[in-house]
Amino acid sequence: MPGRYSASELNNHLDWKLKITKGTEMLNIAIVEDQYVQAENLKKMAKGWGKHNNLEVAVSIFKSGEEFLFRFEEIQVPDIILMDIQMGKMSGMDTARELRKKGIESALIFITAVSEHVFEGYEVGAVNYLLKPVEYSNLALNLDKIRDILSKEEKQAIIIGKKKILVQDI
């Protein structure tokens, strides 16, 4: 909706976080993984993929589904979520269902040691399902696919809190 927000309305907004993005030059990735070594390995691979593709990649790690649901609003809504399915009290599948209920449509890749939940993953709009141990080539292929989708969808945008507003709509 062009003209929906005036510049003065944006400037007068007291609790906004402003970040201007252009296409997919910057990607925010959230890793939800209860195993420290796995989480760090995924972070290293995601950062390496970003460097290889000349993209700035911000990675946030969450140790549980509960922590992610409680804290993800502290960061910008992630473009991509890499989520283990088998975690403590709240599974990755339950976490994904809660995210979707909240209207969070981040690209979701499940990463787990078992394949029994593969069809459930697609019920919450998962892009893919990768088995542990994750190989860099498999992760990179999926990140490439998501980057390509995002670059087609995104234009210049302003992020205010969790809301992304296309510049063309201002």
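Nothing in this text is a laboratory measurement; each read-out follows from the coordinates by a stated rule. Given the structure is predicted, the values throughout are model-derived calculations rather than measurements. With ideal geometry, Cβ positions are generated from the backbone for all residues, glycine too; neighbour counts draw on all protein chains shown.
Using DSSP to define loop residues, name the trypsin sites (Lys or Arg not before Pro) in segment 33-89 whose beta-carbon has at most 13 other beta-carbon atoms within 10 Å. Kindly include the intermediate steps, with their values, before the conclusion.
Working: sites: 43, 44, 47, 51, 63, 71, 89; in loops: 63, 89.
Within segment 33-89, the qualifying trypsin sites (Lys or Arg not before Pro) (loop, at most 13 other Cβ atoms within 10 Å) are 89.
Out of the GluC sites (Glu not before Pro) in segment 44-134, which ones are loop residues according to DSSP with at most 14 other C-beta atoms within 10 Å?
Working: sites: 56, 66, 67, 73, 74, 98, 105, 116, 120, 123; in loops: 105, 116.
Filter output for segment 44-134: 105, 116.
How many angstrom lie between the C-alpha centres of segment 85-152 and segment 58-80?
Value for the Cα centre distance between the two parts: 14 Å.
Could you check the simple spin-label distance between residue 105 and residue 36, using points 7 Å along Cα→Cβ, in nm with one decimal?
If labels sit at residue 105 and residue 36, their model points lie 3.8 nm apart.
Please express the Cα-Cα pair-distance distribution P(r) of segment 22-113 as a list of whole percents, one per 5 Å bin, running from 0 to the bin with the greatest distance.
Whole-percent P(r) values from 0 Å outward: 3, 15, 27, 26, 17, 10, 3, 0.
Between their Cα atoms, which of 101/152; 44/132; 44/145; 47/101; 101/132; 43/132 are more than 21 Å away from each other?
Values: 101/152 25 Å; 44/132 15 Å; 44/145 19 Å; 47/101 29 Å; 101/132 27 Å; 43/132 14 Å.
Beyond 21 Å: 101/152; 47/101; 101/132.
Roughly speaking, what is the stretch gain from residue 89 to residue 144, that is 0.36 nm per residue apart minus the C-alpha to C-alpha distance, in nm to one decimal? Write down the numbers at each step before the final one.
On the way: separation 55, 0.36 × 55 = 19.80 nm, distance 3.19 nm.
Result for the pair: 16.6 nm of gain on full extension.
Give me the net charge of residue 95's neighbourhood, meaning all other residues with Cβ under 15 Å from the Cβ of residue 95; Lys, Arg count +1, Asp, Glu -1.
Result for the neighbourhood of residue 95: -4.
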